[in-house]
Amino acid sequence: MLPTLRQDDLVVVLKKAKLCSGDVVVADVAPVGLVVKRISLLSDGQVTLDSDNSEAKSEVCGRALSPAVILGRVLCRLRRPFSLAFV
């Protein structure tokens with residue numbers, strides 16, 4: 001998720017947040033596991049995930065997924081040395 005998030009950033013996640021296209025979310029996508037990606041809501045009720053880093057390829061990006069894989073919306077990130085930013 002560079003440049004938005006770095007590898008060692010901590011994120012605060014709202015589990016029951018209303019989702020909008022463009023939100024950064026945590027998803028549990030089999031067989032990969034937990035990922036942090038940007039969401040797009042599709043008209044048929046499904047979602048797609050995208051990365052902010054165009055150089056990084058991920059098998060979870062660009063395919064239709066059930067919204068049930070979304071665990072929550074990222075509210076903010078914590079970065080050392082002690083900086084806080086809302087996403």
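A few points about this structure:
- Unit charges on C-beta of K, R, D, E only; dipole of the range 20-87, Debye: 300
- For the range 27-34, backbone phi angles converted through the Karplus equation (6.51, -1.76, 1.60; θ = phi - 60°) give residue-by-residue couplings of 10, 10, 10, 6, x, 6, x, 6 Hz, Gly and Pro being listed as x.
- With all protein chains modelled, accessible area of LEU10 [1.4 Å, Å²]: 110
- Normalising the average separation of contacting C-alpha pairs (under 8 angstrom, six or more residues apart) by the number of residues puts the relative contact order of the chain at 36 percent.
- Element breakdown for the chain at a 1.4 angstrom probe: carbon and sulfur atoms account for 55% of the accessible area.
- For the chain, with +1 on Lys and Arg beta carbons and -1 on Asp and Glu, the positive-most of GLN46, ALA17, ALA30 along the dipole: ALA17
- Straight Cα distances below 21 angstrom link LYS57 to the lysines LYS37, with same-chain residues fewer than 8 positions distant left out.
- Between LYS57 and ALA30, the distance separating the two model label sites (each 7 Å from Cα on the Cα→Cβ line) works out to 2.5 nm.
- Calculated accessible area for the chain comes out at 66 Å² per residue, all protein chains present (probe 1.4 Å; ligands, DNA, RNA ignored).
The values are calculated or read from the model by the stated rules, or taken from the named source; none is laboratory data. Note that the structure is predicted; figures quoted are calculated from it, not measured. All Cβ positions, even for glycine, are placed from backbone atoms using ideal geometry, and neighbour counts span all protein chains on display. Surface areas here come from the heavy atoms of the whole protein model, side chains and all, with no ligands, DNA or RNA. Shrake-Rupley method; radii C 1.70, N 1.55, O 1.52, S 1.80 Å.
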